[in-house]
Amino acid sequence: MIVQHKEKILVFYNVLKSLIIRHTSKRLQYYLYKLNSTILIDVEIADDLQEQITGLMFRQNLGYYEGMLFVYDTEKKRSFWMKNTLISLDMLFVDANNRIIDIKENIQPCVIEICPNYTSKSPAKYVLEVNAGFTLMNNIKVGNLIT
C-alpha cells in the first residue's frame, strides 16, 4: 500500500519515545492530522504491566477525543480482549516504525465468561484504543503513520 505523505494522520509532538519519557501524569495530548484538519486527542498512557492488564476495564465512558495508548518495550503480536470492558472500542496496532499495521473496529464489550481475543496481524509495539467508530469517522487506515 502506498501511503501519501499528506495522509500522515496520527502525529505525536516528536518521536513517541521522547514524549513518553517527558510525560508526568501518564496523560499526554497528540494531534491527529487528516488532510486539512487537525484533531487533538487526550491519551492515557498504559506503560506498566498493571495498567496494561487493567486497560479500560470498568470504565463507564470515554470521551470522543480520548483514548488509551499501550506502550511496550518490544514488538510482537499483541492480543487484547474485552473482558469487563463496558464500552465499544477501535484498536489501532502500531509497529516500531510508528506505522499502523492493523485496525480492529467496533469491538463490542464481552458479556460472556470466555471472551474472544483480538490479535494484531503483525508485530506491534503500541496499541491505541479509542471509541468505536472513531477510525471510520476520521478515515484512519492501515499504513498511516504515528510520528
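We did not get these values from a lab; they are worked out from the coordinates using the rules stated. What you are looking at is a predicted structure, and each value in this text was computed from that prediction instead of being measured. All Cβ positions, even for glycine, are placed from backbone atoms using ideal geometry, and neighbour counts span all protein chains on display.
Only residues that are within 16 Å of residue 58 (Cβ to Cβ) and among the aliphatic types (A, V, I, L, M): list them for segment 81-106, please. Spell out the reasoning first.
At the first step, the residues of segment 81-106 found to be within 16 Å of residue 58 (Cβ to Cβ) are 81-89.
Of everything in segment 81-106, those that are within 16 Å of residue 58 (Cβ to Cβ) and among the aliphatic types (A, V, I, L, M) turn out to be 82, 86, 87, 89.
What are the residues in segment 63-81 that are assigned to a loop (DSSP other than H, G, I, E, B) and more than 13 Å from residue 128 (Cα to Cα), if any?
Step one: filter segment 63-81 for residues assigned to a loop (DSSP other than H, G, I, E, B), giving 63-65, 77-78.
Scanning segment 63-81 gives 63, 64, 77.
Kindly provide the set of residues from segment 42-62 that are in a loop (DSSP other than H, G, I, E, B) and either touching a Gly at 6+ places or on another chain (Cβ under 6 Å) or touching a residue at least 60 places away in the same chain (Cβ under 8 Å) (or both), ordered by number. Walk me through how you get there before you give the answer.
Residues of segment 42-62 in a loop (DSSP other than H, G, I, E, B): 47-48, 55-62.
Scanning segment 42-62 gives 55, 56, 62.
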